[in-house]
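In what follows, a structure is listed as structure tokens, so that the remarks can point back to it.
The values are calculated or read from the model by the stated rules, or taken from the named source; none is laboratory data. In this text, all values refer to a predicted model and were calculated from it rather than measured experimentally. As a convention, Cβ positions derive from the backbone with ideal geometry for all residues, glycine included, and neighbour counts pool all protein chains shown. In case anyone asks, the SASA skips ligands and DNA or RNA and just uses the protein heavy atoms, side chains included. Shrake-Rupley method; radii C 1.70, N 1.55, O 1.52, S 1.80 Å.
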Amino acid sequence: MPDRILEPPLHTVPVAFTRALLDWLPWLEPLAVDALTERHMEALVDAARAKSAYFRLLARDPDALRGRTLTDKDIFYNPDAGLPRAERELAAAATSRFNGCIYCASVHSRFSATYSKREDDVQRLLDESVDADLGERWNAIVAAAVALSTTPITFGSQHVKRLRQAGLDDLAIADVIQATAFFNWANRLMLSLGEPTLN
């Protein structure tokens, strides 16, 4: 049976990038909470994600969802070496800003602002886009994220050199690449399955 295309309720789609808490409405019907099986709950990894229409929609393919969620958690929550959490979130926010994903940019810019205590710089990224001057270390991270997100990809040795000159070691550079690659994919998935809405 094909997925049912939803007629979303009346809502206001945000037109500007923001750190505000947004909601997300799917264009395809997600699984109902009471339809989630033990396998679906295992795929969600965190039971609280069952409240999210996005994750219940992805739960239609539990194996892919579990792989996606474990990858996400390892990239952003693994404290072993590499980039500080604030800059992993910065890479995700910059990627989302570049790709036009208002929802993902709101989530990851909030995290980056919270962990870095650099609210003004994070807001500048949202307001002025990926060309904003955030200081050389953050500029290097944003430039790498943009180059990785560009189609066709333009990331190269010059970006690695700039990241090294900004003080990132190999594990930190790997974190920039992983956070960016994950959200370059996640943005496209989210943008194709629904739209953000103001709470």
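When Asp23 is evaluated against the numbered criteria (1) at pLDDT 95 or above; (2) closer than 28 Å to Ile141 by Cα, which criterion, by number, is the only one it fails?
Here Asp23 clears every test but (1).
Looking at (1) farther than 24 Å from Val13 by Cα; (2) surrounded by fewer than 19 Cβ atoms within 10 Å (Cβ to Cβ), which is the one condition that is false for Val142?
Tallying (1) farther than 24 Å from Val13 by Cα; (2) surrounded by fewer than 19 Cβ atoms within 10 Å (Cβ to Cβ), Val142 fails exactly one: (2).
In the range 165-199, how many residues are surrounded by 19 or more Cβ atoms within 10 Å (Cβ to Cβ) and in a strand (DSSP E or B)?
So the answer is 2.
Can Leu83 be described as modelled with pLDDT of 95 or more, in contact with a helix residue (DSSP H, G or I) (Cβ under 9 Å, 6 or more places away or on another chain), in a loop (DSSP other than H, G, I, E, B) and open to solvent by less than 10 Å² (accessible area, probe 1.4 Å)?
Criteria met by Leu83.
Let me spell it out: the conditions are (1) loosely packed, with under 13 Cβ neighbours inside 10 Å; (2) at pLDDT 95 or above, and Leu57 meets all of them except one. Which number is the exception?
Condition not satisfied by Leu57: (1).
Name the single residue that is nearest to Gln123 (Cα to Cα) among those in the range 10-19 being among the hydrophobic types (A, V, I, L, M, F, W, C) and surrounded by 12 or more Cβ atoms within 10 Å (Cβ to Cβ).
Phe17
This table checks each residue for (1) assigned to a helix (DSSP H, G or I); (2) touching a residue at least 12 places away in the same chain (Cβ under 8 Å).
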site: Leu10; (1), (2): no, no
site: Leu25; (1), (2): no, yes
site: Ala50; (1), (2): yes, yes
site: Glu87; (1), (2): yes, yes
site: Ala94; (1), (2): yes, yes
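Suppose we filter the range 21-44 for residues that are open to solvent by 50 Å² or more (accessible area, probe 1.4 Å), within 20 Å of the chain's Cα centre (by Cα) and of a type in the set (A, V, I, L, M, F, W, C); how many remain?
2
Would you confirm whether or not the range 108-130 contains a residue that is closer than 18 Å to Ala181 by Cα and touching a Ser or Thr at 6+ places or on another chain (Cβ under 7 Å)?
Looking for residues that are closer than 18 Å to Ala181 by Cα and touching a Ser or Thr at 6+ places or on another chain (Cβ under 7 Å), one finds at least one in the range 108-130, hence yes.
Among the residues of the range 156-166, how many are under 17 Å from Ala91 (Cα atoms) and in contact (Cβ under 8 Å) with a residue 12 or more places away in the chain?
5
Looking at this structure, is Thr69 open to solvent by less than 60 Å² (accessible area, probe 1.4 Å) and either touching a helix residue (DSSP H, G or I) at 6+ places or on another chain (Cβ under 9 Å) or assigned to a loop (DSSP other than H, G, I, E, B) (or both)? Can you show your working first?
Numbers: open to solvent by less than 60 Å² (accessible area, probe 1.4 Å): yes; either touching a helix residue (DSSP H, G or I) at 6+ places or on another chain (Cβ under 9 Å) or assigned to a loop (DSSP other than H, G, I, E, B) (or both): yes.
Against the criterion (open to solvent by less than 60 Å² (accessible area, probe 1.4 Å) and either touching a helix residue (DSSP H, G or I) at 6+ places or on another chain (Cβ under 9 Å) or assigned to a loop (DSSP other than H, G, I, E, B) (or both)), Thr69 qualifies.
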